[in-house]
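Beneath this line is the structure, given in structure tokens, with notes to follow.
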There are 2 protein chains.
Amino acid sequence: MQPLDILPYLGKLQDYYTRERIVPSTTRLSLLWNVKARSWTHRIVQRLKEERFLENAPGGRARPGPRFFERTVGPMVRAGLPQQAADVQPELLRIDDYLIENPSRTILFPIKGDSMIDLGILEGDMVIIERANTASTGQVVLAIVDNEFTLKVLAQDKGGYYLEARNERKNQDYPPIRPEQKLEIYGLYVGLIRKTHVPGHRLSASR
Amino acid sequence: MQPLDILPYLGKLQDYYTRERIVPSTTRLSLLWNVKARSWTHRIVQRLKEERFLENAPGGRARPGPRFFERTVGPMVRAGLPQQAADVQPELLRIDDYLIENPSRTILFPIKGDSMIDLGILEGDMVIIERANTASTGQVVLAIVDNEFTLKVLAQDKGGYYLEARNERKNQDYPPIRPEQKLEIYGLYVGLIRKTHVPGHRLSASR
DNA sequence: TTGAATAAAGAACGATTGTTCTCTATAATT
DNA sequence: AATTATAGAGAACAATCGTTCTTTATTCAA
């Protein structure tokens, strides 16, 4: 790590960027960082560029660099039995790169209903779909049935291909879908993102 | 639609933005759009702002507006098909932007175990945790109990605060956790990302 | 044919930009 | 105590910025 500790500056800039979706001018960065001299702000920006958190955009402006969107990954959390909070060195991960391998063939599809709840796909989630025309049985596919998109498991029996829901509790609500005419595969389920709505009000929890 | 056809300009700007991840100055926009006069470029930018394709960022600069990432006409739009599948393009919008609100206070944690399966949190998922020292009951928290990380629902009764699992089927495997000494909140569960392993081999599925 | 929108260019403005250079505190090291 | 590197401030510069005002070409309906 360089002598100058740029991480606090980086953190504030990252927060600013997610708020405003822009890397501001040196003048505004000075305000954000509580730096009086624009020259010093300029120096910090240079360090951030050296570390590839920022880079030069055409026109002399700065934009996020490759490392700007790196997120720290904590130690494994045993959601079952608790696990030692071992101090493993923090890993870094870029969410977009992690989830999306072929940007041009990938779309996001919002989920309605609970027919796939057994696979951990809830209403309001966004599934990541990679375009494909074919699939194999057992795969989760986004299919077009009767002019509507639906996310189901592709299955096959003597009657041909059909689509299955994955909801044990409400299985009778989701009978297998056997297409009238054609079963058209739109893409494959390759991932999922979920944003939870956290209530703003917070109470203390120490005891 | 306004008389001035701004869509060709918007298209070029979207392409530029995908490449450079920045909305350039009027001067550079003039070059991009083959417009001789910066004043005219400025007028087009104004129209784009009126239509909310662009908006003002602090400092008088322009940034993408709410409609910038809208897919105008998809390549595969079919009569009758709901547009919902194609309304967000990962090429233009970073998933990261969608999920992370406070980068400097956000950490990802990989999940092991199935104690939170009823909330759609599966083994191998990564939960997005926003650091916080306090939480309210009912919230999903990443807590440190007896020096160990665990993701659970914060609950409270006459005995004080405790942690609940969410797995109906294996409830007996996950009894409520009552901390010996202290229940320390590390952060709040604000989102989740999942990458599924898709078998590479693909068979045809038309019939 | 006239007249009004519209599309585009040109000129000019003060403000802000990124950058550089010089100077001064503060902290660490010798 | 002296030295040296770091952290920060201040001033100054030309270039570029967003913006406004004015002028010219083009289109198209009346």
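For A:V145, the residues 5 or more places off, or on other chains, whose built amide H falls under 5 Å of its own are A:T150. Would you grab the residues whose amide H sits under 5 Å from the one on B:E51? Only those 5+ places off in sequence or on another chain, please, with H modelled 1.01 Å from N. The list, which skips near neighbours in sequence, is empty: none.
Close amide H pairs (under 5 Å, H built 1.01 Å from N) link A:E70 with no residue at least 5 positions away or on another chain.
Applying both filters, DSSP loop and at most 10 other Cβ atoms within 10 Å, to the GluC sites (Glu not before Pro) of segment A:150-193 gives A:E168, A:E180.
Comparing the full protein assembly with the isolated chain, the residues of segment A:141-170 losing at least 30 square angstrom of accessible surface (1.4 Å probe) are A:N147, A:F149, A:Y161, A:R169. Under a model in which nothing but the beta-carbon of Lys, Arg (+1) and Asp, Glu (-1) is charged, segment A:103-193 shows a dipole of about 200 debye around its Cα centre.
Legend: residue pairs A:K152/B:K112; A:K112/B:K49; A:K152/B:K195; A:K152/B:K170; A:K195/B:K195; A:K158/B:K195, Cα-Cα distance threshold 22 Å; pairs beyond threshold, A:K152/B:K112; A:K112/B:K49; A:K152/B:K170; A:K158/B:K195. Taking 10 °C and 1.306 mPa s as conditions, segment A:35-193 diffuses translationally at an estimated 81 µm²/s according to Stokes-Einstein applied to its Kirkwood radius (Cα pairs).
If you run the Gaussian network model on chain A, springs between alpha carbon atoms under 10 Å, then out of A:T26, A:T18, A:T150 the most flexible one is A:T18. Helix A:7-20 versus the longest principal axis of chain A: what is the Cα-based angle in degrees, 0 to 90, to the nearest 10? Orientation of helix A:7-20: about 50 degrees from the principal axis. Per atom type, segment B:99-193 shows carbon and sulfur on 43% of its accessible surface, probed at 1.4 Å. Restricting the trypsin sites (Lys or Arg not before Pro) of segment A:1-59 to loop positions (DSSP other than H, G, I, E, B) with no more than 10 neighbouring Cβ atoms within 10 Å leaves A:K36. The residues of the protein assembly as shown present an accessible area of 51 Å² per residue when probed at 1.4 Å with all protein chains retained.
The values are calculated or read from the model by the stated rules, or taken from the named source; none is laboratory data. Source: prediction; values computed, not measured. With ideal geometry, Cβ positions are generated from the backbone for all residues, glycine too; neighbour counts draw on all protein chains shown. Please note that ligands, DNA and RNA were not included when accessible areas were found on the heavy atoms of the full protein model with its side chains. Shrake-Rupley method; radii C 1.70, N 1.55, O 1.52, S 1.80 Å.
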